[in-house]
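No value in this document is a laboratory result; all are computed from the given coordinates. This is a predicted model, so every value here is computed, not measured. Quick reminder, even Gly has a Cβ in these numbers, built from the backbone with ideal geometry, and neighbours come from all protein chains shown.
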């Protein structure tokens, strides 16, 4: 009983990522993706209307006597099943969002459609960010658009000092990582996990930066690359602010850009012109093919196999 | 045709209270109804005049067991009995539906539901009756007295099926309160047809009827004299007939407004913007919904242009004659675009006024393209210098043409750049 629209929808179920532009709320992104998916699914050419036999009267004479009325059978389409009467087949599609991105930031945003939403809960992997900072000012919300609280000089800052501060930060975060993993550090189990790289915090914990380094330094501006877990974008802007404080100056964050979310990279992200049903379908198919062995996609893979049968 | 046919029907039995008579165009196969209580006249015309309770069933007195037919059942019967044009000698099959007696809404009849145990024996289904009697039997159709959706009535109602064939989106209309019942009460011949003919006379194309009725179903309840007087008024203001036709097809609510209101608005645009009569006609013809909406947002937009943007009166006039949509645009978005153009791209007022279509485009589009050009070192918007890029080319070209001609880069590069913002 699957109509062509339902078949199109089945091909759309899964995970994919989009590139969220800065200045846009993530809900707007989710809504526009849902609207374009609905458009794509509802415009699949549907089956022709079912027909039924009705008996239409043919009036032979106009004498008005009931005897003259004859009836002929005619096949007439059933208008109560017409899309203009029943409405579109799909009136909403469940599109879920993975880790949120606030309006100031931009970058890779993972979205799930239909059954793919179940896999969104299992994305417990690190994320990569690129933070752009600028020395010299401090604002109330740590970004360059906030209200300026103080201004300082920054001539004394050098690359080595910055690297020292970053190393200190990384050390503190490493300690936090070990603490939150809730494994006894002296056991064999901990050693084996550390060897395989599975040592990580259990469940929701404080944000932890697993890696932080400076990729560009040109005072007053600098760029950091950060790998983290359980973070929020405001926390990352605060990190930039604190780095400024550690260097006995001040810094604001000019941009937060997520370059990777788990196994979704910038390369797979769809830009705004590609938020159409066909492009999203292509991205989802590509994602399921490429992620052969990842645990994240176990549930998705099962659905995929069922659908292709 | 349909009403005369319906009036000629004489039903021998008491119909169940669920009968609602519509102007039915076709009827289903007859079913045999019992009782010998005497004929009750079906009055189809009375239904149309009864505007109070279109959904309420009619009480027909003490009811008896009535046999209902369904269309599908008819089909199977037809195939089995090889039904042809000749009505004599048909097979009657009685379908008992005791629930039908309970389905009515009127409380009075509920008291009268009682199994009449000493009823006279019913006629056998296989008894042959004359053609007269066969034709007088009519089956009450299984239409619910009240429903949240029009799809249950569309097959039986001539008005609704004709509207669907015109392309009216009934599903959208039934979501609006009271519109569904209003449409059901309309009669196609007397209400809908004269107005559609009137629209055709003005010059509106047939393919637009569906769009117009979907957006403004109340055009079917507006009186013809009013519609004609408003068209006459517009023509008296020197709008040509094609212009009036295009205005009505693009702004379906236009003809529902009184002449006084239309006059008020035309006067407002002429005075506030100090436009000449022909210019006012021009902008109203291109954006007819200026005459339909409220004037408050327009006044606020004008204030924003004057005070926040610091545009002079003649500059505002020029912008509005070129892009009338600025009058109904969202204030915040307009301010955002103007802010970006003036402060970030450093474009002077006179250039913005020269290319007013930038105020009509999307902010993200302007931002991405400008930053791309800046990255390539080509962001030069001053006509006095070389390699000048005009604002209209920046904004109105599609992506591919923009990349190849203006930015001299590939489309993929542009997408890659978008991912670095």
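Calculate, in nm to one decimal, what residue A:73 and residue A:141 gain on full extension: separation in residues at 0.36 nm each, minus their alpha carbon distance.
16.9 nm
For the stretch B:264-375, restrict the atom set to alpha-carbon positions and state the Rg and Dmax in Å.
My reading of the Cα-based Rg and Dmax gives 14.5, 51 Å.
Return the single residue from A:34, A:89, A:192 with maximal mean-square fluctuation; model: Gaussian network over chain A, springs between Cα atoms under 10 Å.
A:192
If we count other beta carbons within 10 Å of each Cβ, what is the order of A:30, B:230, fewest first?
Listed from fewest to most nearby Cβ atoms, that is A:30, B:230.
When the helix-only estimate is applied to chain A (DSSP H runs of n ≥ 4, each -39,500 (n - 2.57), divided by the residue count), what is the mean residue ellipticity at 222 nm, nearest 500 deg cm²/dmol?
Computed ellipticity for chain A at 222 nm equals -10000 deg cm²/dmol.
Could you tell me the largest-minus-smallest coordinate of the C-alpha atoms of chain A on each of the three principal axes, in descending order and whole angstroms?
Between the extreme Cα coordinates on each principal axis of chain A lie 109, 51, 26 Å.
What is the calculated FRET efficiency for residue A:195 to residue A:160, with r their C-beta to C-beta distance and R₀ = 45 Å, to the nearest 0.05?
0.90
Give the calculated FRET efficiency between residue A:213 and residue B:312 to the nearest 0.05, with a Förster radius of 60 Å applied to their Cβ-Cβ distance.
My answer for the efficiency is 0.65.
Find the centroid of the Cα atoms in the stretch B:230-251 and in the stretch A:155-199, then give the distance between the two in whole Å.
That distance is 75 Å.
In the Gaussian network model of chain A, springs joining C-alpha atoms below 10 Å, which of A:87, A:96, A:116 carries the largest mean-square fluctuation?
Ranking A:87, A:96, A:116 by mean-square fluctuation puts A:87 first.
State, to one decimal in nm², a quarter of the convex hull surface area for the C-alpha atoms of the stretch B:200-327, i.e. the direction-averaged projected area.
7.8
Counting pairwise Cα distances across the stretch B:361-421, what percent come out greater than 14 angstrom?
More than 14 Å apart: 52 percent of the Cα pairs in the stretch B:361-421.
In percent, how large is the relative contact order of chain A, given Cα pairs closer than 8 Å and 6 or more residues apart?
26
So if each residue of separation counts as 0.36 nm, and I subtract the Cα-Cα distance between residue A:232 and residue A:174, what length gain in nm does that give?
The span from residue A:232 to residue A:174 would gain 19.1 nm if fully extended.
Can you tell me the FRET efficiency between residue B:128 and residue B:162 if r is taken as the Cβ-Cβ distance and R0 is 45 Å, rounded to the nearest 0.05?
0.70
P(r) for the stretch A:1-157: what percent of alpha-carbon pairs falls in each 10 Å bin, starting at zero?
For the stretch A:1-157, the binned pair fractions read 8, 22, 19, 15, 11, 9, 7, 4, 3, 2, 1 percent.
Counting other beta carbons within 10 Å of each Cβ, put A:38, B:224 in order, fewest first.
Ascending Cβ contact count within 10 Å gives the list B:224, A:38.
Any idea what Rg and Dmax come out to for the stretch A:126-261 if you just take the C-alpha atoms, in Å?
When restricted to the Cα atoms of the stretch A:126-261, Rg and Dmax are 16.2, 52 Å.
For chain A, set up a GNM with springs between Cα atoms under 10 Å and report which of A:182, A:51, A:213 has the largest fluctuation.
A:51
Give me the angle, in degrees from 0 to 90, between the Cα long axis of helix A:277-290 and the longest principal axis of the Cα atoms of chain A, rounded to the nearest 10.
The angle comes out near 60 degrees.
So if each residue of separation counts as 0.36 nm, and I subtract the Cα-Cα distance between residue B:399 and residue B:226, what length gain in nm does that give?
57.5 nm is the gain from fully extending residue B:399 to residue B:226.
Given the alpha-carbon gyration tensor of the stretch B:294-359, what are the semi-axes of its equivalent ellipsoid in whole angstrom, ordered largest first, with each equal to the square root of 5 times an eigenvalue?
18, 13, 10
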